[in-house]
1. Would you say Gly107 is surrounded by fewer than 17 Cβ atoms within 10 Å (Cβ to Cβ), at pLDDT 95 or above, of a type outside the set (A, V, I, L, M) and under 22 Å from Asp205 (Cβ atoms)?
2. Of all residues in the stretch 81-120, how many are within 14 Å of the ligand (Cβ to nearest atom), assigned to a loop (DSSP other than H, G, I, E, B) and either of a type in the set (Gly, Ala, Ser) or closer than 19 Å to Ser41 by Cβ (or both)?
3. Would it be correct to say that Arg250 is more than 12 Å from the ligand (Cβ to nearest atom) and in a loop (DSSP other than H, G, I, E, B)?
4. Can you tell me which residue in the stretch 41-80 is surrounded by the fewest Cβ atoms within 10 Å (Cβ to Cβ), limited to those that are of a type outside the set (Lys, Arg) and assigned to a loop (DSSP other than H, G, I, E, B)?
5. Just to verify a result, which residue in the stretch 110-162, among those that are over 25 Å from Val244 (Cβ atoms) and small (Gly, Ala, Ser), is surrounded by the fewest Cβ atoms within 10 Å (Cβ to Cβ)?
6. Scan the stretch 196-206 and give yes if some residue there is touching a residue at least 12 places away in the same chain (Cβ under 8 Å), under 19 Å from Leu249 (Cα atoms) and assigned to a helix (DSSP H, G or I), otherwise no.
7. So, in the stretch 152-191, how many residues would count as being assigned to a helix (DSSP H, G or I) and either among the β-branched types (Val, Ile, Thr) or more than 16 Å from the ligand (Cβ to nearest atom) (or both)?
8. May I ask you to say which residue of Ala258, Ala227, Ala252, Ala207 is more than 27 Å from Val131 (Cα to Cα) and surrounded by fewer than 17 Cβ atoms within 10 Å (Cβ to Cβ)?
Amino acid sequence: MLRLDRTRGPEDAALPAGRRGDERSNMSANGKVAVVTGGGSGIGRATSLALLADGWRVALVGRHRASLDRTIEQAGAHRRNALAVVADVSDPDSVRALFARTEEAFGRVDMLFNNAGVSSPASALEEVSFVEWSRVIATNLTGAFLCTQEAFRIMKRQRPRGGRIINNGSISAHTPRPNAVAYTASKHAIAGLTKSTALEGRELDIACGQLDIGNARTELADGLIAAARASGRSPEPMMDVQHVADAVLRMANLPLDANVLFMTLMATKMPYVGRG
Ligand SMILES: NC(=O)c1ccc[n+]([C@@H]2O[C@H](COP(=O)([O-])OP(=O)(O)OC[C@H]3O[C@@H](n4cnc5c(N)ncnc54)[C@H](OP(=O)(O)O)[C@@H]3O)[C@@H](O)[C@H]2O)c1
């Protein structure tokens, strides 16, 4: 089921539809439209707020309305350019309705940030249940594909044509952590989705890139910290999630004839680069 709502301030109601969000003097986005999945927490929250502050109109997506509302509350005056859409990215009908609602509210889609994702409790490969495997793949991979497909359809037919898709990968898209087969496989697969999207988007003015993050401090990362402490290990170094939001904004604001295909953004002191 999909529940839809638009958070509008009183100023918004006073503006004609075509001028909503256009009264920005020194903002770089000029009312461009972004869809951010997982906008109710962590990286999605920080990125939604950065986009809104930069003048984007943003559809924030997640399964829990209260979390989306909490993000929007933090946007101050920019909240009139925010649309909360409760949707499950792993459900094709829900994703279809999400993009229809965004197009209805904002008229187009300029950028999709495929960010919604779940991790899994550490588990030896032979112990991973089918249910757990399916949950991670359905969210991290199928969800990103379904959103990409709907965004592609809109970006292909809208005028001006085109747009940008940014996939939230992970350093797990390149190198696994132990006991994380489903998450690792889902994130490796995202790299294939990024390349296919970039290739097929080329003729349609659709750019696609991937941000591979290592240890940004969010609730998801807090789970890693807790797991480390529980097993008597020191938690890994983390970085501020704002750096991720800044990077997505930089990628999003490039003109469509330029693209960051892959970017790795990680806590400098985390164990990732090998050999001593
Ligand atoms: N933090 C890091 O260091 C790090 C490193 C590498 C990669 N990443 C990636 O960054 C992304 C965001 O992670 P985060 O750290 O910000 O974690 P987070 O705070 O747990 O955010 C995950 C978000 O995804 C949403 N979500 C999950 N399943 C969904 C579904 N089926 N449909 C719609 N929304 C769904 C959640 O909202 P609801 O529960 O309300 O649906 C939540 O807002 C993930 O893809 C993660 O793999 C993070």
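The values are calculated or read from the model by the stated rules, or taken from the named source; none is laboratory data. Predicted model only: the values in this text are computed from it and were never measured. As a convention, Cβ positions derive from the backbone with ideal geometry for all residues, glycine included, and neighbour counts pool all protein chains shown.
1. On the way: surrounded by fewer than 17 Cβ atoms within 10 Å (Cβ to Cβ): yes; at pLDDT 95 or above: yes; of a type outside the set (A, V, I, L, M): yes; under 22 Å from Asp205 (Cβ atoms): yes.
For Gly107, the condition - surrounded by fewer than 17 Cβ atoms within 10 Å (Cβ to Cβ), at pLDDT 95 or above, of a type outside the set (A, V, I, L, M) and under 22 Å from Asp205 (Cβ atoms) - is met.
2. Here the count works out to 10.
3. Numbers: more than 12 Å from the ligand (Cβ to nearest atom): yes; in a loop (DSSP other than H, G, I, E, B): no.
The answer is no for Arg250.
4. The first filter runs over the stretch 41-80 and keeps only residues of a type outside the set (Lys, Arg), leaving 41-44, 46-56, 58-62, 64, 66-69, 71-78.
Within this subset, residues satisfying the condition of being assigned to a loop (DSSP other than H, G, I, E, B) are 41, 54-56, 64, 74-75.
Values: Ser41: 19, Asp54: 19, Gly55: 21, Trp56: 29, His64: 11, Gln74: 14, Ala75: 21.
Only one residue fits best here, namely His64.
5. Ala124
6. Yes, the stretch 196-206 contains a residue that is touching a residue at least 12 places away in the same chain (Cβ under 8 Å), under 19 Å from Leu249 (Cα atoms) and assigned to a helix (DSSP H, G or I).
7. Of the stretch 152-191, the ones assigned to a helix (DSSP H, G or I) are 152-157, 171-173, 181-191.
Still in the running and either among the β-branched types (Val, Ile, Thr) or more than 16 Å from the ligand (Cβ to nearest atom) (or both): 152-157, 171, 181, 184, 190.
Total meeting the criteria: 10.
8. Numbers: Ala227 fails: more than 27 Å from Val131 (Cα to Cα); Ala252 fails: surrounded by fewer than 17 Cβ atoms within 10 Å (Cβ to Cβ); Ala207 fails: surrounded by fewer than 17 Cβ atoms within 10 Å (Cβ to Cβ).
Only one candidate passes the filter, namely Ala258.
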